[in-house]
Amino acid sequence: MDIMDIVKKVENHQDFSYGEIENIIKNYTDGTLTDEQFFPLVKAIYENNLSDKCLYFLTKAMKNSGEVLDLSPLGRSVDKHSTGGVSDTTTIALVPMLACVGTKMLKLSGRSLGFTGGTCDKLECFSGYKTNISLDDAFKLVNENGGCMMTSTSSIAPADKKIYALRDRTNLVDNVSLIASSVMSKKLATGADVIVLDVKYGNGAFMPDKKSAKILGKKMEMLAKYDNKKAKVVYSKMSQPLGHNVGTLLECMEAINVLKKYNKKDALTKACVHLGAICHSLDKKINYFVAKRKIINTIKSGKALEKLKTMVKSQGGSVELFDKQYPKSQKDIVATKNTKITNFDTKEIGMVVNNLNHKYNENKYGVIINFKLHQKIKKGDIIFSIYAPENEVLNIEKSIKNAIKTK
Ligand code: URA
C-alpha cells in the first residue's frame, strides 16, 4: 500500500491494518522510504491522533522494527521512562540507587528532544563513557553492577530512532499518539517485567496539564496491556525546572550531588527517591514506605555514589567529574530587592539552553537557578547564574529574565 493511502486513512479517521502499517514502518526503517516521503504520515498523526487499535498497530510495528529483548537471563528487572522535562536528571541517580537495593535496571536512554535534555548526552559528560555498547556487554554489566545506562541501540526499535529525529527536526513532538508510540515501542521491545512511566505535565513538559497527561498515561497503560505487560504511570507536575541546573553538564553534576549528601528538601532528590521507591516496591512487591527508606539509605550510606562511580568506570568513563566544583559562572544575576519567583516559562528556559549548546556544539553551557517557585529571595541573593560564551551572556540574561517572572 502506498504511504499516501495510509495518510488519507489517518486524515479521515479510518483504521489501517497491522500489515499496512508494518510495511510502511519497515520501508522507512530500511531507507526505502525517505524522510520527505514519511513526513506526511507523522504530520497526519500529529494533527489527527490515532484510534487505540491503530495506535497499538503503529507501536507494535515500531517495536518489531528491531530486536525484541529477552531479559529473562537477568531474572526480574524494572524499566523506567520519563516523557521528558527540563532539568530532569533522575536516571543518573536512580539506576545506582536501585542497583544498591537489588532492583536491576538496564536503562536505554535517549538524546535531547526539543526543549528537554537527554540522559545519554549527560552520561557522555563523564569523559570516555561509552553509551553505545553491545547488548551482550550491557547484560554482563547488569549482572556485575546491578544496572547499566546506555543508548537505545540501533537494534532496539530503530523505527523510533528515525521517527524521533524527524519529529525533533520538524517540530512535531507534543502529540499523544506520537509520544505514546515512541515511548512504548522502546519499552515493550526492552522487555522488563515492570515498566514505570513518569509522565510530566505543566509548562516544562510536552503535556500542558494533568488532564492531557492522564490521556497520555492511559494510552501507554493500554499499549502495555495490549502487549501483555504491566505499566505503572506516575504523574509529575513540571511548572518549573525539576532541579536547579539546566544544561547537559550542569545537570550531570547535579545528579552526582543528589547522591553525595541526602537533602530531603531538594526537589530533584525527592523525585529520584520517589521514583526509586516505586520501582523497588513494585519489583520486590514490598510496601512503598519500606522501599523508600531503603532507597534513602543508599544515599546516606554513600553506597549509591560509589555504585555510580563503578558504573561510570565500567563503561570507560572518567570519574574526575565527581570531585569537580562547578566552574565559575560568566555572570550572576543578583536580586535588587526582596522578591520571589511567581512563574517560570520552563520550556523557554530549556529551549534557550539547548539552542546555546547546539549552536556551539557544547554541553557545558546553561544556567543554575537557585530558587524555586514562591521561595523567598532576599535582596543581594543570586537568583541565577549564567554559563555561556562571553558574547552570548547578555542575550541569555535577557531571555532567562523574560522566562522568570518575579514579584
Ligand atoms: N520520550 C520519548 O521516548 N519519546 C517521545 O516522543 C517523548 C519523550
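The values are calculated or read from the model by the stated rules, or taken from the named source; none is laboratory data. Everything numeric here is computed off the predicted structure, so don't read it as measured data. Don't worry about glycine lacking a Cβ; one is built from the backbone with ideal geometry, like all the others, and counts go over all protein chains shown. Side chains included, ligands, DNA and RNA excluded: accessible areas come from the protein's heavy atoms. Shrake-Rupley method; radii C 1.70, N 1.55, O 1.52, S 1.80 Å.
Between 0 and 90 degrees, rounded to the nearest ten: what's the tilt of helix 210-226 against the longest Cα principal axis of the chain?
In the chain, helix 210-226 runs at an angle near 50 degrees to the longest axis.
What number, in percent, do you get for the relative contact order of the chain if the mean sequence gap of Cα pairs under 8 Å and at least 6 apart is divided by its residue count?
19
Among all the aspartates and glutamates, which ones have a C-alpha under 14 Å from LYS53's C-alpha, if same-chain residues fewer than 8 places away are not counted?
Reachable aspartates and glutamates: ASP15, GLU20, GLU22, GLU221, ASP227.
Run through the DSSP bridge list for the chain and note the antiparallel percent, rounded to the nearest 5. Mind dumping the intermediate values first?
Values: 16 of 35 bridges.
Rounded to the nearest five, the antiparallel share is 45 percent.
Positive end of the charge dipole of the range 136-265 (Lys, Arg +1 and Asp, Glu -1 on Cβ, about the Cα centre): tell me which of PHE139, MET184, ALA165 has its Cα farthest that way.
Projecting each Cα onto the dipole axis, the largest value belongs to MET184.
Starting from the Cα of TYR18, move 7 Å in the Cα-to-Cβ direction to define the label point; list residues of the range 47-74 whose amide nitrogen is under 16 Å from there.
From the range 47-74, the list is 52-66, 68.
Among residues other than ASP35 whose Cβ falls under 10 Å from its Cβ, what is the net charge (Lys/Arg +1, Asp/Glu -1)?
Neighbour charge sum, excluding ASP35 itself: +1.
What is the spin-label model distance, in nm, from PHE139 to LYS340 if the labels are put 7 Å beyond Cα along the C-beta direction?
That separation, rounded to one decimal, is 5.5 nm.
If you take the beta carbon distance between ASP52 and PHE322 as r and set R0 to 60 Å, what does 1/(1 + (r/R0)^6) give as a FRET efficiency, to the nearest 0.05?
0.85
Using a 1.4 Å probe, how large is the accessible area of MET105, given in Å² and rounded to the nearest 10?
Answer for MET105: close to 0 Å² accessible.
Assuming R0 = 41 Å, what is the FRET efficiency of ASP209 and PHE289, from their Cβ-Cβ distance, to the nearest 0.05?
In this case the efficiency is close to 0.90.
Let's see if you can work this out: charge +1 on each Lys and Arg Cβ, -1 on each Asp and Glu Cβ, no other charges. What is the dipole magnitude of the chain about its Cα centre, in debye to the nearest 20?
Value, rounded to 20: 2240 debye.
Do any of LYS211/LYS237; LYS260/LYS303; LYS8/LYS63; LYS187/LYS294; LYS264/LYS294 go past 18 Å between their Cα atoms, and which?
LYS8/LYS63; LYS187/LYS294
Set the bar at 19 Å for Cα to Cα. Now go through LYS107/LYS265; LYS210/LYS347; LYS261/LYS285 and name every pair that lies beyond it.
Among LYS107/LYS265; LYS210/LYS347; LYS261/LYS285, the Cα-Cα distance tops 19 Å for LYS107/LYS265; LYS261/LYS285.
Ignoring ligands, DNA and RNA, what accessible area per residue does the range 1-144 give at 1.4 Å, in Å²?
Ligands and nucleic acids excluded, the figure is 38 Å² per residue.
Calculate the spin-label point distance for ASN402 paired with ALA267, positioning each point 7 Å from the Cα along the beta-carbon direction, and give it in nanometres.
2.2
Which net charge results for the neighbourhood of LYS237, defined as the other residues with beta-carbon distances under 13 angstrom from its beta-carbon, given Lys and Arg at +1 and Asp and Glu at -1?
+3
Just the accessible area per residue of the range 337-406, please: how many Å² with a 1.4 Å probe?
Result: 54 Å² of accessible area for each residue.
Considering only LYS161, LYS331, LYS307, give the residue with the highest GNM mean-square fluctuation for the chain, with springs between Cα atoms whenever their separation is below 10 Å.
Result: LYS331 has the largest fluctuation of those listed.
Which entries of LYS214/LYS307; LYS130/LYS214; LYS284/LYS372; LYS232/LYS300 have Cα-Cα distances beyond 29 Å here?
The pairs that break the limit, which is 29 Å between Cα atoms, are LYS214/LYS307; LYS130/LYS214; LYS284/LYS372.
Going by alpha carbons, how many degrees (0 to 90, nearest 10) lie between the helix axis of 393-403 and the longest principal axis of the chain?
Compared with the principal axis, the helix lies near 70 degrees.
Looking only at ASN203, ASN171, ASN297, which one moves most when the chain is put into a Gaussian network model with springs between Cα atoms under 10 Å?
Of ASN203, ASN171, ASN297, the most mobile in the Gaussian network model is ASN171.
Test of understanding: in a Gaussian network model of the chain with alpha carbons linked when under 10 Å, which of LYS229, LYS284, LYS265 would top the mean-square fluctuation ranking?
LYS265
Roughly what angle does helix 35-48 make with the longest principal axis of the chain, taking Cα atoms, 0 to 90 degrees, to the nearest 10?
Value to nearest ten degrees: 80.
Within the chain, what whole-number % of the accessible surface is contributed by carbon and sulfur, with the 1.4 Å probe and all protein chains included in the calculation?
Its accessible area is 49 percent carbon and sulfur atoms.
Once you place label points 7 Å from the Cα toward the Cβ at GLU11 and ASN355, how far apart are they in nm?
Label at GLU11, label at ASN355, 3.2 nm between them.
By a straight-distance test (C-alpha under 16 Å), which lysines pair with LYS364 as possible cross-link partners, with residues fewer than eight away in the same chain excluded?
Correct list for LYS364: LYS122, LYS324, LYS328, LYS331.
Using a 1.4 Å probe and ignoring any ligands, DNA or RNA, find the accessible area of TYR326 and quote it in Å² to the nearest 10.
Number for this one is 90 Å².
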